[in-house]
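This report concerns only the one structure given below.
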Amino acid sequence: MPSSTRMTGSTGKISTTATRQLGMSRLSKDGLKLTVLALVALAICTLFLGKGLTPDNYQFFLSRRIPKVLAIVLAAIAIASSSLIFQTITTNRILTPSILGFDSLYVMIQVLLVAVFGGFSAVVIDTKINFIIATGIMIVCAMTLFHFYFKGRQRNIFTLLLIGVVLSSLFSSVTGFFTMVIDPDEFTYIQGSMFASFNNISSELVYWCTIPMLLCSAYLFRLSNKLDVMWLGVDNAKSLGVDTHKLTMQVMFVITLMISISTALIGPVLFFGLIVVALTRQLFSGYQHRFLILASAVLSVVMLAGGQWVVENLFDFDTTISVIINFLGGGYFLYLLMKHKFD
């Protein structure tokens, strides 16, 4: 009897040690992958900044390229982080804020501001005032919608998808109507916000959005432990002492602000967040949100900056990166939707 007890104890110790070694091995592999991705992201950004620079022209080109690269980095971090956290809150791996019409809402707000105040108004021309007004309206609308949705006990992915499809159609219809009735000269002020582009980035807005973006990222890192618990499900999170409704409202506020930043900087990109988060979960075995937020952000920078570099240097601007992302992301979204249905 004592010998069997010793054998059982030793077997338990061996299995525990093996589990720890396996976990450490996975962490080291994930760390190596993240390091490689970070180096690739740094190399791509360096290519963007250093191509064709000479002692005579570097001041001019850097003054235009630095805001562009910074906008790509900020938008990539915003899209990846918001999509990852949104999937945690909704407890599924298909939905993203863009699919639910957040980008369409921002574009509609821009069109309505031009239609109501005119293209020469301060709320349209001044990028900071425009960003504050548009973001404020988005936050109010998003918080109102998700307050009632997440307050209910029954949450269905197809119900949320239906809400997103209806809202996106509504916002797009309103946008299309007002673009037809406004003055053609005023339409040029909103044309840049309707499509994803890196060629009409406002340098002032890029630097101005840096601080809010850093604050949002820091706040998500602070909530990462609660988000780890939230991924187990609402009921399990409540049983472990997490105020799920409060956490949801806090996170939705941050997500809406991030989507506003990314859309204001580069325009709407519908399926990019879905692709980035799905690839992040396939490449990395970790589940901690603190690591996943960082990993998805770095992968997003690699994909967005690398894709734009390919568009500029290989396709010679014959196409746009939004067309490529929407084409690939739309097919991938349908694949995930069908897989989720049959599973």
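Within the stretch 240-268, being open to solvent by 10 Å² or more (accessible area, probe 1.4 Å) and either touching an Asp or Glu at 6+ places or on another chain (Cβ under 6 Å) or not in a helix (DSSP H, G or I) (or both) holds for Leu240, Gly241, Val242, Asp243, Pro268.
Please specify each residue of the stretch 275-294 satisfying the condition of being surrounded by fewer than 24 Cβ atoms within 10 Å (Cβ to Cβ) and among the hydrophobic types (A, V, I, L, M, F, W, C). Those that are surrounded by fewer than 24 Cβ atoms within 10 Å (Cβ to Cβ) and among the hydrophobic types (A, V, I, L, M, F, W, C): Ile275, Ala278, Leu279, Leu283, Phe284, Phe291, Ile293, Leu294. Of the residues making up the stretch 67-87, just one is farther than 12 Å from Ile255 by Cα, open to solvent by less than 10 Å² (accessible area, probe 1.4 Å) and among the β-branched types (Val, Ile, Thr), namely Ile72.
Report yes if Ser322 is touching a Gly at 6+ places or on another chain (Cβ under 9 Å) and open to solvent by less than 10 Å² (accessible area, probe 1.4 Å), otherwise no. Here the answer is no, as Ser322 does not meet what is asked.
Does at least one position in the stretch 304-316 carry a residue that is without any contact (Cβ under 8 Å) to a residue 24 or more places away in the chain, under 28 Å from Tyr335 (Cα atoms) and small (Gly, Ala, Ser)? Yes: one or more hits. You will find that of Ala295, Ala305, the residue that is under 13 Å from the mean Cα position of the chain (by Cα) and part of a helix (DSSP H, G or I) is Ala295 and no other.
Being in a helix (DSSP H, G or I), modelled with pLDDT under 80 and either within 25 Å of Ile109 (Cβ to Cβ) or out of contact with any strand residue (DSSP E or B) (no Cβ under 6 Å at 6 or more places or on another chain) (or both) is the requirement here; does Lys341 meet it? Yes; evaluated as a whole, the condition is true for this residue.
The values are calculated or read from the model by the stated rules, or taken from the named source; none is laboratory data. Note that this is a predicted model, so its numbers are computed, not measured. All Cβ positions, even for glycine, are placed from backbone atoms using ideal geometry, and neighbour counts span all protein chains on display. These area figures cover heavy atoms from the full protein model, side chains too; ligands, DNA and RNA do not enter into them. Shrake-Rupley method; radii C 1.70, N 1.55, O 1.52, S 1.80 Å.
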